[in-house]
Structure formats: structure tokens, C-alpha cells
1. Hey, could you get me the Stokes-Einstein D for the stretch B:146-212, Kirkwood radius over alpha-carbon pairs, 10 °C and 1.306 mPa s, rounded to whole µm² s⁻¹?
2. With θ taken as phi - 60° and the coefficients 6.51, -1.76 and 1.60, list the Karplus ³J(HN,Hα) couplings across the stretch A:106-114 in order, rounded to whole Hz; mark glycine and proline as x.
3. Which Cα, out of B:I19, B:A83, B:A41, lies furthest along the positive dipole direction of chain B (beta carbon charges, K/R +1, D/E -1)?
4. Identify the trypsin sites (Lys or Arg not before Pro) of the stretch B:1-55 meeting these criteria: DSSP loop state and at most 13 other C-beta atoms within 10 Å of the C-beta.
5. How far, in degrees from 0 to 90, does helix A:174-184 lean away from the longest principal axis of the Cα atoms of chain A, to the nearest 10?
6. For the stretch A:1-86, give the magnitude of the charge dipole about the Cα centre (Cβ charges: +1 Lys/Arg, -1 Asp/Glu; no others), in debye to the nearest 20.
7. Can you tell me how much longer the chain between B:A111 and B:A175 gets when fully stretched, taken as 0.36 nm per residue apart minus their C-alpha distance, in nm with one decimal?
8. So, counting K/R as plus one and D/E as minus one, what does the shell of residues with Cβ under 9 Å around A:E75 add up to?
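The values are calculated or read from the model by the stated rules, or taken from the named source; none is laboratory data. No experiment lies behind these values; they were computed from the predicted model shown. Here the Cβ positions follow ideal geometry from the backbone for every residue, glycine too, while neighbour counts run over all protein chains shown. The accessibility values were calculated without ligands, DNA or RNA, using every heavy atom of the protein model including side chains. Shrake-Rupley method; radii C 1.70, N 1.55, O 1.52, S 1.80 Å.
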Protein chains: 2
Amino acid sequence: MERTFRQPLVMVDTALFTIRDEHLCLILARRQEPPFEGVLALPGGFVHIEEDADTAMAARRVIRHKIGFDAPYLEQLFTFSGAARDPRGWSVSIAYYALIPSSLLDQSQVAEALPAAALPPLPFDHPQIVAHAVERLRSKATYSSLPAFLLPGTFTMNELHRIYEQTIGTRLDKASFRHKILEQGIIEPLSDQFRVGAHRPAQLYRLASKALTPFERKI
Amino acid sequence: MERTFRQPLVMVDTALFTIRDEHLCLILARRQEPPFEGVLALPGGFVHIEEDADTAMAARRVIRHKIGFDAPYLEQLFTFSGAARDPRGWSVSIAYYALIPSSLLDQSQVAEALPAAALPPLPFDHPQIVAHAVERLRSKATYSSLPAFLLPGTFTMNELHRIYEQTIGTRLDKASFRHKILEQGIIEPLSDQFRVGAHRPAQLYRLASKALTPFERKI
DNA sequence: CCTAGTTAAATGTATTTTGCAAATAACATA
DNA sequence: TATGTTATTTGCAAAATACATTTAACTAGG
């Protein structure tokens, strides 16, 4: 195969969202090698074209290496490119974002989960990637069941409500929210299962199979 | 710079939407070189890392080469990758989609604009790219002013209405559509300009500056 | 000059969806 | 048994929507 042009570095970077203390957080990794060795950054790595069927597989490898298991929700975000984004020269980074229920993370990993609103200075063009990822999550949250993937397998209506408010960043009416979510059928009640406490017990729900269907909208 | 891994081919492909005879169409190009020489395909090309600031610039170059001018609307779509998509081996294609007002195209180019619903067999993974692009356009049309970019600079309310119906694929109530579009402020009337005919003249509109703001939505 | 034909635009109204406030339910605990 | 606490439901006004109809503003043809 003849190549009459130089070829760029191709890598993946991942924005891993989770919730900690009611705040939307990102899981960062301390870089093991130069450039920016020792600096906190988005987990990433090169695409291995001998092993990876596609770049999503590379992203899954990076995530598994970082948190030890697969993310319940993973989606390609945007591809960043150019000469300025990496000191090693012209490069392409296919960015992914994923949603990780904090219940699945152990303490050591949670230590590197920092609030998306107050991240340290990040290397490369990672601030841009984060901005895109937050924007995408916000946008999708308003018309899909995405935020539910930040919760563990079962959750109460109020937990779901709070997590939507967290990701969207605005208040949502409780009654309307409950009504709309139930009507969309993206979650289903676990019959006879409730979360107890010093108050009325709360119905437990789980994601329904049709959970990823976006809500219906009309012009 | 040392590289301990093979690097993939990096290219861009473009899905160029336009409207012809009230149908949503894609502009195709006959391939000039192997593989698939002479076959109709999405316009594309390699990313030239010596010239292109980023892959969007490569996409703009491809589009300018195909239709002779820049697209009024261009957006990155998705990045496709893998060993199977191109017979030359593992590759990455950053796909873009663009909206082209048919009024700007001359006849020769229009000849290669074929209905998105009835395309010939396409090479590589171009069918997948087309599916993604149509899906994205549909989705965005329901909550943004995107379809207006398929129209010439000035247009009537009914033309806009028809183009929304075309891209979304469903009927939309005329009165509600008019009301909602005007309320969103994405278009503005050209005072004292009307399209005449053997009937009541229609007010002409143009895209307002805030045209790209997505519509407001709520859970 | 009048009328039929045609498309644009506005209007009316029943229905549905939302926002907001309040009431009721179901506990644990003291 | 009363009290505090959170869950869930209810009620209603306001806004948005779907659907049907009416009115407006022209041209063309007699």
C-alpha cells in the first residue's frame, strides 16, 4: 500500500461521568507517560488497529482499564483534530463519553472523580472535550432517559428526579416529572419493592427495556 | 517521533443534503480512482495533515471541490472506523453532513442529487453513513431551525413548512407550525416583500441571526 | 368590472400538557 | 398515640396543541 502523505496519531479520549455527593463528576486519570506525565487528564490511549475492531472498542479498553468494568452507557461524542491539540504533532482524537453509576465504583476510583463544574486545569484540548461532553449530556437529558444510567439498577422516583435536575442544571416540577417519565414508559416499577425509612416507603423502579428511546417531541 | 504501532488511513466523507422536486436528496460523486472507480459514492478524500488545520477543513475542501462553494451549514456527524469499511485496510473516516440550498446548485450537480430514500448501492460503509446522517437531520429538525438551511435566502412560510415536513417525514399542523416558528424567532419577515401569484401574496422571511439556537424543550 | 379560483393568513375552540400549590399517605420514632 | 419526614396524589389555572373553519388578497377569464 503506497502512502504519499504523512499519517496522524489516532487516539481515543473518554469523558466518564458519575454522580458523587449529588454532583455531576468526571473520572480523571493521572498520566503515566509524557507528555504531561503525572498530570490529571481524561483517560485515553492510542487506537491499536491490530486489536481494535473499531474505535469504540479502543474506548471500551480504556474504560475497562480505568474502572475495571464496562460502562452501562457509552456513546461516541466528537472527533477532535489538529496540530495544536497534542505537542507530538497533528493528531486525531475520537472522544467518547460514558455514564457510570457511582454505586459501581470503589473508593479509590471515586477519589479521582471531580465535579465537572470545578475541574483542575486539563492538558491537551481536554477542556474542550469536557465542554462538549457536558453539553451533549445536558442536551440529551432533556429528551431521553440518559441520566438514569448514572443510577444503580434500582432507584426511587425522587432519586431519578434529582439526577435529572443535576444533569440538566435546572429545577423540574416534581408532579410533572413523575407524570411524564411514567407516561414515556422508560422505567418500570418493581412490584412490591420499596425503599424504607422513617417515612412513607418509596416505590423502586428500574430502567425498562425501551429505556433508550428518545422521548417524543413535536414542532 | 517514535511509533511502535501501525497508523490507519484517515479520511473524511460528506453527506450533502439538498431538496429537489420536494424530495430530500443527497449529492453523490462518481469516484475518480480505485477502489470502486467510476462508482457513485459520498464525496470524500484524505485528510492532508500538512494543509488541514482540522478535519472540518478537509471536509470543506471536499465540498468546495464538489459544488464549488461552501455549504451554509456543515456539522461533524460521526467517525467510522474498522478494517472492513475500506478494502485498503483499517481506516478512520470522519463523516460530516451539510445542507445545501438547491437554488445554489446548477443543473450538472443536481443531476447527481438522488433521493435519500432511493439511493443506488453505495461502496464502503457509505450506506451506514447515510443512515446516520438522515437520522441526525430528522432528529435535529424536530427541535431546531436546521431545515431552513435547505432553502434559499428568502422563503415563504409554506415553503418552510413543506421542508420541515419533508425532512421530518410527518405531517405538521399549519397553524401550530407558523405560531411556533414565529415565536421562536428563528426567522424574520422581510418587511414589504412578498411572493406574488394568482392568489393572496405570501410574506417573505429570512433566517434570523439567532437561527441556530435549538428550540426550548422541557422534560 | 365582476366572479371564480387559488393560496395565505388568521381565528375559534376542544383537548392535552404544563406549572404551581396543596392535600393526603405511610411509615419510624419518641 | 402524636410527630416528623418523605412519598405520592389531587386540583386547578395557564399555556400549548390539534383540528376545523373563516377571512384576506390576489390573478385570470369572461
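1. Answer from the Stokes-Einstein relation: 129 µm²/s.
2. Couplings: 8, 4, 4, 6, 4, 4, 9, 9, 10 Hz.
3. The residue sitting most towards the positive pole is B:I19.
4. Details: sites: B:R3, B:R6, B:R20, B:R30, B:R31; in loops: B:R3, B:R6, B:R31.
The qualifying sites are B:R3, B:R6.
5. Rounded to the nearest ten degrees, it is 70.
6. Working: 10 positive and 13 negative charges, 34 e Å.
My answer is approximately 160 debye.
7. Numbers: separation 64, 0.36 × 64 = 23.04 nm, distance 3.53 nm.
So the chain would gain 19.5 nm between B:A111 and B:A175.
8. Values: positive: A:R136, A:K140; negative: none.
That works out to +2.
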